[in-house]
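Only one structure is covered here, and it is reproduced in the block below.
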Amino acid sequence: MDEGARDRRQPRPSAEITMMFALVGVLILVLRCFQWLKTGVWENFTLHNVLEWWIGRAILIDKFDSGFRGLDKIVHWVIDGTPLMLIAIALTWFAISMLVFIGVLRLIDR
């Protein structure tokens, strides 16, 4: 067996993981929109709310101290200030672009 044949059989990046990210992002968007249609009120959820729900207890992000003031502010903004919808849109966009990238790589390989 030559080297070229062995390289072609190596596994490629999995589209299943990327698809999972896209589905999580779309699911968040759909659930938030459904909640808004039901109540007429758009509640602003942040990553902090999701992490507290996931872990099951309060998260004290104010105690995070990396020693770099700028990095601390970025972490605080991402966890406390970034709306979950923005994260869901970015996650969905990233996953879809990765699916396209994987598809192009598979077409080039043929």
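The values are calculated or read from the model by the stated rules, or taken from the named source; none is laboratory data. Everything numeric here is computed off the predicted structure, so don't read it as measured data.
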In the range 1-41, residues that are modelled with pLDDT of 80 or more and within 22 Å of residue 77 (Cα to Cα) total 1
Among residues of the range 42-58 being more than 20 Å from the chain's Cα centre (by Cα) and of a type outside the set (D, E, K, R), the residue nearest to residue 77 (Cα to Cα) is 58
